[in-house]
1. Anything in segment 44-85 that is farther than 20 Å from Arg14 by Cα, touching a helix residue (DSSP H, G or I) at 6+ places or on another chain (Cβ under 7 Å) and of a type in the set (A, V, I, L, M)? List them, or say none.
2. Quick one: in segment 148-158, which of the residues that are in a helix (DSSP H, G or I) and touching a helix residue (DSSP H, G or I) at 6+ places or on another chain (Cβ under 6 Å) is surrounded by the most Cβ atoms within 10 Å (Cβ to Cβ)?
3. Give the residue that is farthest from Val23 (Cα to Cα), with candidates limited to residues of segment 114-135 that are among the β-branched types (Val, Ile, Thr) and touching a residue at least 24 places away in the same chain (Cβ under 8 Å).
Amino acid sequence: MKLADLTARARRVRLVLTDCDGVLTDGGVYYSERGEEMKRFNIRDGMGVERLRHHGIATGIVTGEVSPSVRTRAAKLRIEELHLGIKDKPACLREIMARTGLAADEIAFIGDDTNDLEILGMVGFSACPGDATSFARAAANFHCQTAGGHGCFRELAEFIIAAQSNG
């Protein structure tokens, strides 16, 4: 997609939704000897959430996982749209649109794998990390240079902010 088309789409975004594993994390899961699950998040992505909020753009997480660490990270970042254990992401998107009154072209989504394909095709601005699967890359409008868990959400946030600031 041409830069001008991407920029036009980014200008309409009012809500940025993200998958968690493979986007906000590197997709790895760490287990302690007691079975505690830990995930690594990138601080720069957190700043991306704050910068979007400062520019009047809401954020949310839509993930198939039910993880206490994701809940903790979302609380720290004051993310109100937190949807854990979602197996039908398109249905979740429709519920969010109905509740918020946002149209699909006002929503961005960043995902990295096959379970994100349908929702990537439903939103106005779709993105994937630099190391996303070939399936997600084919479905996304915007391909981050940065890998999942290493600041790809921040890269997307800065693109949207720049598009809206220069529009």
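Just so you know, all these numbers are worked out from the coordinates, no wet-lab data involved. Computed from a prediction, not measured in an experiment: that's the story for all the values here. Please note: Cβ atoms are built from the backbone with ideal geometry, for glycine as well, and neighbour counts cover all protein chains shown.
1. Selection gives Leu84 alone.
2. Here the answer is Phe153.
3. Going through the qualifying residues, I end up with Val123.
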